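See structure below.
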Amino acid sequence: MSVSPSSSAPLPAAADAVVVGAGFGGLYALHCLRQMGFSAVCFEAGDGVGGTWYWNRYPGARCDVESLQYSYSFSPELDQEWTWSEKYAPQAEIMAYANHVADRFDLRRDIRLSTRVVSATFDEKRALWVVETDGGGRVEARFCLMAVGCLSSANKPPFAGMADFKGPIYHTGEWPKDGVDFTGQRVAVIGTGSSAIQSIPLIAEQASALTVFQRTATYTVPAYNAPLDPEHVAKVKADYPALRARARSRPTGFYFPINTAPAMEATEEERRRKYEEAWARGGLPFLGAFGDLLFSKEANDTIADFAREKIRGIVKDPATADLLCPDNVFGCKRLCVDTDYFATYNKPHVKLVDVSKTPIERFTAEGIVVAGKTYPADAVVCATGFAAMTGSYEKIRITGRDGLTLAEKWRAGPRAYLGVASAGFPNLFMITGPGSPSVLASMIQAIEQHVDWMVDLMAHMRDVGARTFEPRVADEDAWVEHVNEVSQVSLRSTCSSWYVGANVPGRPRVFMPYIGGFPVYVQKCNEIMDGGYSGFVLEGAKSGKAAPEVRLTKRWHVPLDMDVISPAMLAARRVPVV
Ligand code: FAD
Ligand code: NAP
């Protein structure tokens with residue numbers, strides 16, 4: 001991997017924009033800002049680029065949206081140059097891709113690594129953001145683009161007695177750079193979400209004993225990961241724009257076959273056949289077996305029964321199989337994609353401990369105590385997830401108009417118009433912020449659409465001489481209500497997932513991502529733009545609400561794929577944005 005250093009030039013006192021974070025969001029933001037002639041400085045807390053793929057180096061970490069689609073779509077040249085090795089690329093390869101992008105588009109000269117932004121304060125008189133870093137750096141900028149990530153703030157439950165534990169405690173989202181060798185060790189893993197599901201089979205290969213502490217059983221579908229067939233890759237590359245366009249018109253922002261027929265209209269035999277076919281294909285597209293699986297409990301029960309049957313078919317010990325069978329709505333929490341997860345529990349040295357009713361009591365020097373029993377361990381892996389969507393915002397003191405902090409404004413849950421900006425915080429953009437499709441879409445597509453829209457707005461402000469943009473409170477309130485209303489259509493709003501902040505005690509319960517579907521959301525963004533940014537105040541604009549020149553956003557003017565429209569999309573379309 002070629003890694004050229006980040007900028008070591010003196011920090012400029014001012015720039016048009018500050019970008020916070022150098023994951024896929026921050027890298028693309030830098031590229032677009034440059035393209036549109038804006039100067040920018042990007043701060044990144046890690047000592048490398050790649051965001052998620054820099055931090056999550058645990059064994060087995062890989063994407064679960066197929067790599068041919070989990071990649072940038074803005075550059076046809078990049079699409080042709082880069083070749084993925086596997087259906088689901090491993091972490092190191094995705095990080096190498098991020099580094100390649102940073103070099104290929106000469107982004108590093110504006111990136112300051114190992115630098116954490118600690119505060120951003122809006123100076124109302126001068127309409128400038130004053131951004132300060134942990135190293136004492138300070139930059140003033142007209143715009144601030146938050147590319148801090150939705151899953152970037154590790155959730156570390158404060159278990160009693162952690163300090164007493166004599167071995168190392170790891171978090172999957174902050175994995176040591178040099179890796180960890182568990183050979184011959186007794187390892188405890190806390191959690192059974194996507195990170196645990198990916199790492200448990202590989203940790204089990206090294207550990208002498210593995211104990212998994214499960215609070216909620218998980219639905220997971222086989223990945224059937226494999227090297228990519230060069231002929232298939234060549235075929236995709238020969239018509240990549242067509243695949244990208246198809247992906248944009250799909251509710252999830254990536255393309256896979258969807259059967260829109262309702263599950264309960266099929267006979268039991270037909271349903272089983274469809275589920276078997278979808279299981280045999282594997283991965284997240286399993287949820288596309290029928291059109292109403294996330295909208296009808298009756299339909300959902302049928303796919304949940306099918307998945308439980310699969311678990312019982314794999315796991316030999318009936319008591320362990322029972323524990324591994326989830327009893328909640330299928331796909332309510334983020335669906336997992338695995339390689340040999342359930343089969344791992346057939347190994348004699350792997351044990352499952354249920355902590356759903358008797359939570360982890362404490363750590364001791366020797367291990368973890370549950371219901372008065374100590375489970376010995378030499379090392380502990382917390383696969384306990386993230387303070388999702390808002391966690392990284394909470395770590396920065398963001399102060400807007402009248403001294404109001406974002407943390408104060410969001411105390412009862414995040415409020416942002418379109419998930420891109422929040423009233424009272426002028427010229428502050430949130431890439432994949434709460435209230436946008438973000439984590440319910442293939443995220444690189446969601447990032448690109450947001451950044452294109454944001455940088456087009458910045459260019460428009462320059463065209464018309466506007467100093468600030470800011471959502472109107474009434475429009476923001478209407479959007480927040482709309483996001484909430486649409487979420488009620490889906491069974492996903494019914495369970496205690498990180499989508500609603502329920503994984504971290506004390507967080508307000510609010511469905512944070514926009515579930516109305518990626519293309520419906522994109523259409524709403526386009527309409528708002530074409531209407532001269534309705535719902536936003538552009539202070540100082542000479543030409544009032546003139547429609548802007550559409551530059552980067554042009555490629556997002558795609559028709560809705562009406563063949564796959566879901567109840568959530570229908571609900572979303574019924575409500576005009578403004
Ligand atoms: P991130 O990649 O999270 O980058 C944010 C960056 O901001 C981080 O590097 C962080 O250090 C930096 N930062 C935060 N706060 C500050 C601060 N105050 N100062 C300076 N820097 C700061 N999505 C998919 O669509 N498909 C997948 O298959 C998929 N797999 C995933 C696997 C894992 C293990 C995880 C955790 C997430 C996965 N995701 C997936 C979601 C993934 O987060 C996104 O796809 C994408 O990588 C997000 O990019 P980002 O730039 O928005 O945020
Ligand atoms: P997660 O899905 O939130 O899972 C965290 C796990 O830790 C859950 O099983 C949770 O139980 C458990 N947990 C949390 N606090 C606990 C406590 N105090 N005691 C016991 N158990 C506790 O986090 P994640 O696995 O890191 O995944 C987060 C998201 O990142 C995913 O949903 C996905 O979007 C993305 N991701 C994707 C991939 C991929 O395959 N490409 C891999 C990793 C992550 P509860 O369920 O009961 O809360």
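The values are calculated or read from the model by the stated rules, or taken from the named source; none is laboratory data. Just so it is clear, the model here is predicted, and its values are computed rather than measured. Counting neighbours? That spans all protein chains shown, and the Cβs are built from the backbone with ideal geometry, glycine included. All accessible areas refer to the heavy atoms of the entire protein, side chains included, with ligands and DNA or RNA removed. Shrake-Rupley method; radii C 1.70, N 1.55, O 1.52, S 1.80 Å.
Quick one: which residue in S199, S208, S153 is open to solvent by 20 Å² or more (accessible area, probe 1.4 Å) and of a type in the set (S, T, N, Q)? Break it down stepwise before answering.
Numbers: S199 fails: open to solvent by 20 Å² or more (accessible area, probe 1.4 Å); S153 fails: open to solvent by 20 Å² or more (accessible area, probe 1.4 Å).
Selected residue: S208, the only one of S199, S208, S153 that is open to solvent by 20 Å² or more (accessible area, probe 1.4 Å) and of a type in the set (S, T, N, Q).
Considering C332, C336, C325, which residue is within 16 Å of ligand 1 (Cβ to nearest atom) and either farther than 18 Å from E268 by Cβ or surrounded by fewer than 16 Cβ atoms within 10 Å (Cβ to Cβ) (or both)? Talk me through it step by step, then tell me what you get.
Numbers: C332 fails: within 16 Å of ligand 1 (Cβ to nearest atom); C325 fails: within 16 Å of ligand 1 (Cβ to nearest atom).
From the options C332, C336, C325, the qualifying one is C336.
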Condition check for L287: touching a residue at least 24 places away in the same chain (Cβ under 8 Å) and either in a loop (DSSP other than H, G, I, E, B) or surrounded by fewer than 19 Cβ atoms within 10 Å (Cβ to Cβ) (or both): no
Among the candidates Q198, Q206, residue that is out of contact with any helix residue (DSSP H, G or I) (no Cβ under 9 Å at 6 or more places or on another chain) and either within 16 Å of ligand 1 (Cβ to nearest atom) or under 24 Å from S85 (Cβ atoms) (or both): Q206
In segment 446-464, residue nearest to the chain's Cα centre (by Cα) [restricted to those that are open to solvent by 10 Å² or more (accessible area, probe 1.4 Å) and either within 15 Å of ligand 2 (Cβ to nearest atom) or among the charged types (D, E, K, R) (or both)]: I447
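What residue, of N259, N328, N346, N300, is assigned to a helix (DSSP H, G or I) and polar (S, T, N, Q)?
Numbers: N259 fails: assigned to a helix (DSSP H, G or I); N328 fails: assigned to a helix (DSSP H, G or I); N346 fails: assigned to a helix (DSSP H, G or I).
Sole residue among the options that is assigned to a helix (DSSP H, G or I) and polar (S, T, N, Q): N300.
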Number of the condition not met by R411 [criteria: (1) away from ligand 1 (no atom under 16 Å from the Cβ); (2) in contact (Cβ under 8 Å) with a residue 24 or more places away in the chain; (3) under 24 Å from T52 (Cβ atoms)]: (3)
From the options T344, T267, T358, residue that is among the polar types (S, T, N, Q) and in contact with a Pro (Cβ under 8 Å, 6 or more places away or on another chain): T344
Residue under evaluation S8, criteria (1) assigned to a loop (DSSP other than H, G, I, E, B); (2) closer than 30 Å to G135 by Cβ; (3) within 14 Å of ligand 2 (Cβ to nearest atom), criterion not met: (3)
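Residues to consider are K351, K310, K316; find the one that is away from ligand 1 (no atom under 16 Å from the Cβ) and either assigned to a loop (DSSP other than H, G, I, E, B) or open to solvent by less than 40 Å² (accessible area, probe 1.4 Å) (or both). Please lay out each step first, then the result.
Numbers: K351 fails: either assigned to a loop (DSSP other than H, G, I, E, B) or open to solvent by less than 40 Å² (accessible area, probe 1.4 Å) (or both); K310 fails: either assigned to a loop (DSSP other than H, G, I, E, B) or open to solvent by less than 40 Å² (accessible area, probe 1.4 Å) (or both).
None of the others qualify; the one that does is K316.
Could you tell me whether any residue of segment 423-431 is aromatic (F, W, Y) and not in a helix (DSSP H, G or I)?
yes
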Pairs with Cβ under 6 Å, 6+ apart, first in segment 40-55 and under 25 Å from R142 (Cα atoms), second in a loop (DSSP other than H, G, I, E, B) and modelled with pLDDT of 95 or more: C42/A22; F43/T115; E44/A22; E44/L113; A45/R116; V49/A22; G51/G23; G51/G149
Residue in segment 343-376 that is farthest from ligand 2 (Cβ to nearest atom), counting only those that are within 26 Å of K316 (Cα to Cα) and without any contact (Cβ under 8 Å) to a residue 12 or more places away in the chain: P348
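Looking for whichever is assigned to a helix (DSSP H, G or I) and modelled with pLDDT of 90 or more here; the options are A568, A466, A478. Which one fits? Break it down into steps so the answer makes sense when it comes.
Values: A568 fails: modelled with pLDDT of 90 or more; A466 fails: assigned to a helix (DSSP H, G or I).
Criteria check complete, one pass: A478.
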Subset of segment 272-284 [touching a residue at least 24 places away in the same chain (Cβ under 8 Å) and open to solvent by less than 30 Å² (accessible area, probe 1.4 Å)]: Y275, W279, G282, G283, L284
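Quick one: in segment 354-372, which of the residues that are hydrophobic (A, V, I, L, M, F, W, C) and under 17 Å from P158 (Cα atoms) is surrounded by the most Cβ atoms within 10 Å (Cβ to Cβ)?
Our first condition is that a residue be hydrophobic (A, V, I, L, M, F, W, C); within segment 354-372, this holds for 355, 360, 363, 365, 368-371.
If we keep only those that are under 17 Å from P158 (Cα atoms) too, we end up with 355, 360, 363, 365, 368-370.
Values: V355: 18, I360: 20, F363: 23, A365: 10, I368: 25, V369: 17, V370: 18.
Applying the filter and picking the extreme gives I368.
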Elements of type helices (runs of 4 or more DSSP H) contained in segment 14-123, each with 1 or more residues being under 18 Å from S392 (Cβ atoms) and either within 13 Å of ligand 1 (Cβ to nearest atom) or open to solvent by less than 10 Å² (accessible area, probe 1.4 Å) (or both): 24-35, 52-55, 91-104
Qualifying residue in segment 500-515 (condition: surrounded by 18 or more Cβ atoms within 10 Å (Cβ to Cβ), within 16 Å of ligand 2 (Cβ to nearest atom) and on the phi > 0 side of the Ramachandran plot): yes
Those residues of segment 433-445 which are part of a loop (DSSP other than H, G, I, E, B) and either on the phi < 0 side of the Ramachandran plot or open to solvent by 10 Å² or more (accessible area, probe 1.4 Å) (or both), in sequence order: G433, P437, A441, S442
Pairs, first crowded, with 18+ Cβ neighbours inside 10 Å in segment 545-559, second of a type in the set (V, I, T), C-beta under 6 Å, six or more apart: L552/V455; W556/V522
Members of segment 30-74 found to be closer than 13 Å to I444 by Cα and over 18 Å from the mean Cα position of the chain (by Cα), listed by number: F74
